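This report refers to the structure that appears directly beneath it.
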Amino acid sequence: MRHFKSLIRPYLVWSFLLIIIPLLLIVLYSVTTGGNSLLNIQFTLDNFKKIADPIYRQVFLRSLKIGLITTLICLLLGYTLAYVISGFRERTQTTLILFVTIPMWINTLLRTYAWISLLSDNGVINSFLNRLGIGRMSIMYTDFAVILGMVCDLLPFMVIPIHTALAKMDKSLIEASYDLGANRRQTFWKVTFKLSIPGVINGLTMVFLLSISTFVIPKLLGGGQYVLIGNLIEKQFISVGDWNFGSAISLILAVAILIMIWATKKIDTSEGGER
Amino acid sequence: MADMGDCIIELRGITKNFDDQQVLRGIDLNIYENQFLTLLGPSGCGKTTILRIIAGFEEPSKGELLFNGIDIAKVPPYKREINTVFQKYALFPFLNVYDNVAFGLNIKKVDKSVIHQKVQKMLSLVGLDGFEKRDVTLLSGGQQQRVAIARALVNEPKVLLLDEPLSALDAKLRKEMQGELKKIQQEVGITFIFVTHDQEEALSMSDTVVVMNDGKIQQIGTPVDIYNEPENRFVADFIGESNIIEGNMIRDCLVKFDGYEFECVDKGFKENEEIEVVLRPEDIEIVAPEQANLVGEIISSVFKGVHYELIVKTAQREYKIHTTDIHEVGKKVGMVLDKEDIHVMYKMDY
């Protein structure tokens, strides 16, 4: 095995060049002024102070809200779906999980445009409602449209880890629970759910991470006025050109995410540790 | 043998199909209060399926399952007064020893102080005092086994089902647990239904052994009956080692095989009926060739610890013999049989 270890070296070089250095650059940008040029930099903490501005605080809170709602809906739908799938025989399960992942083969942008043609004022749903005589309603550019798009986009990231946890679970534990007098509901909460907690935590982490930093979906389904953290960062780099502020927001987001991952891992181990 | 009370479980014509495969082909069986009953058979014979039907994890395709006279075939497992010790114990990994044992009582919302008292009593019955706070995943196989037994018995079931509970233990521990299980059964005084493929386990613990093969019951009897009076070739072959020889019943108490007539003690066969004879290797006595009808040559001798296993080749067949005496390979010997040691069985249809 030893001589295979040297095979990791190209990867180390690669990740240093493409991950570590860019990260360090973001850190550097976030604590300096002077725009995109690295020649005349000045160190400052102004970029971070700017975030305290109520406008930006609003964006952070809104992102957090949308992220939490999306994650919660994904948890409810994803757990149900994973639970139902895990009840089928093994070969059927593989097929069903494949169906869950099929949307991921198609670019997010395309899938989101598909939602536009469904939801827009002259879209499929509204023409249908109009035919029925219910009348048109505005679905586009609302929280509902954004959350709908995000839930559909991120659901597989919840289903797959939970399904994995449920599928590899020792089925005799369920039988043992029935055997000891627990009915279906009691068995689910006292045994099945407890055993699936690691999968739930993985799913929560992934969906929350992705939902809080996305920018394509809020931009397309929320419209130009709909700004989440992801859009804020995108704007700083693409249209405003304030790379320093953009880097500061990215950094804060990254740190916030790291803290959340750390906290969920902490809950995970204490759940497993209460023996 | 323990005092057995009334019939507690009755299986009537139970069959079970999985897809198009029939794993149980009509099982009729009475199980009594306070009985230690063992279902014995090779893997795939249907013994575990019977246990799972009694526990409620499988529904019989046909037939009745009576518990105290009431058909419970469709009653879910959590409503049956029956508990199971699973093959790989199935302890809850997220609960400690105490909470595993208390699981059933917690579900029934029993008073905490009563739970505490019962769990403590059960843990001391299985010899795990002081293990309450231990992590079940860090216990040895034997200890996990004891937790599983305590977790089942604490619910005071009428019947305890044990699905090959000793198969994961090493040989020495298995012997120890055999004695202990028997002791526990006598102490709590309930019915144990034990599933195993290990004949020695079955013979040393049970009041009644049910030998199964191919989804059918081959013989029901006490360990002594099963060993000494096997009803057919399968039972004779599966339980212990044996020489099985085809022959004819001349008349009551006279059997003919390998060209000679022998006195025996079996009666009730038709005249000249084709039968099979079981000779246990330890029952064949070796004498000088001129003192016996059956003569042959020793073609192999293997030391097995307590005894030697000899193979004696006669004109018709090879006999397996267990003896504590040393015999040289190549020696001509005679073989003598006591009439009690000749067990006549009905011939099996294949």
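The values are calculated or read from the model by the stated rules, or taken from the named source; none is laboratory data. Keep in mind the model is a prediction, meaning the values are calculated, not measured. Counting neighbours? That spans all protein chains shown, and the Cβs are built from the backbone with ideal geometry, glycine included.
Criterion applied to A:146, A:159 was being modelled with pLDDT of 95 or more, in a helix (DSSP H, G or I) and under 31 Å from the mean Cα position of the chain (by Cα), and the one residue passing it is A:159.
Residue by residue, here is whether (1) more than 33 Å from the chain's Cα centre (by Cα); (2) within 19 Å of residue B:248 (Cα to Cα); (3) in a helix (DSSP H, G or I); (4) not β-branched (Val, Ile, Thr) holds:
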position	(1), (2), (3), (4)
B:262	no, yes, no, yes
B:269	no, yes, no, yes
B:275	no, yes, no, no
B:278	no, yes, no, no
B:282	no, no, yes, yes
B:286	no, no, no, no
B:290	yes, no, yes, yes
B:296	yes, no, no, yes
B:300	no, no, no, yes
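Taking first residues from the stretch A:27-54 that are farther than 17 Å from residue A:233 by Cβ and partners that are in a strand (DSSP E or B) and at pLDDT 85 or above, the Cβ contacts under 6 Å between residues at least 6 apart in sequence or on separate chains come to A:41/A:32; A:43/A:32. For residue A:66, state whether it is surrounded by 14 or more Cβ atoms within 10 Å (Cβ to Cβ) and β-branched (Val, Ile, Thr). The answer is yes for residue A:66. Conditions: (1) under 16 Å from residue B:346 (Cβ atoms); (2) modelled with pLDDT under 90; (3) among the aliphatic types (A, V, I, L, M). Residue B:306 meets all but one. Number of the miss? Going through the list (1) under 16 Å from residue B:346 (Cβ atoms); (2) modelled with pLDDT under 90; (3) among the aliphatic types (A, V, I, L, M), residue B:306 breaks only (1). For the stretch B:157-179, a residue qualifies if it is touching a residue at least 40 places away in the same chain (Cβ under 8 Å) and buried (at least 17 other Cβ atoms within 10 Å of the Cβ), and the qualifying residues are B:157, B:159, B:160, B:161, B:162, B:163, B:164, B:165.
Yes/no matrix, rows are residues, columns are (1) away from chain A (no Cβ under 14 Å); (2) within 24 Å of residue B:211 (Cβ to Cβ):
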| site | (1), (2) |
| --- | --- |
| B:158 | no, no |
| B:163 | no, yes |
| B:171 | yes, yes |
| B:176 | yes, no |
| B:185 | yes, yes |
| B:191 | yes, yes |
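With respect to (1) surrounded by fewer than 16 Cβ atoms within 10 Å (Cβ to Cβ); (2) assigned to a loop (DSSP other than H, G, I, E, B); (3) out of contact with any Lys or Arg (no Cβ under 7 Å at 6 or more places or on another chain), the lone exception for residue A:121 is condition (3).
Would you call residue A:175 loosely packed, with under 15 Cβ neighbours inside 10 Å and either charged (D, E, K, R) or over 18 Å from the mean Cα position of the chain (by Cα) (or both)? No.
Here the stretch B:122-149 is the region considered, the condition is being among the acidic types (Asp, Glu) and within 12 Å of chain A (Cβ to nearest Cβ), and the residue that is surrounded by the most Cβ atoms within 10 Å (Cβ to Cβ) is B:132. Of all residues in the stretch B:263-286, those that are in contact with a Lys or Arg (Cβ under 7 Å, 6 or more places away or on another chain) and of a type outside the set (Val, Ile, Thr) total 6.
Go through (1) facing chain A (nearest Cβ under 9 Å); (2) closer than 14 Å to residue B:119 by Cβ for residue B:153 and report which single condition fails. Condition not satisfied by residue B:153: (1).
For the stretch A:164-204, enumerate the residues that are among the charged types (D, E, K, R) and within 20 Å of residue B:87 (Cβ to Cβ). If the condition is that a residue be among the charged types (D, E, K, R) and within 20 Å of residue B:87 (Cβ to Cβ), then A:168, A:170, A:171, A:175, A:179 are the ones that fit. Only one entry of B:296, B:268 meets the criterion of being within 30 Å of residue B:218 (Cβ to Cβ) and small (Gly, Ala, Ser), and that entry is B:268.
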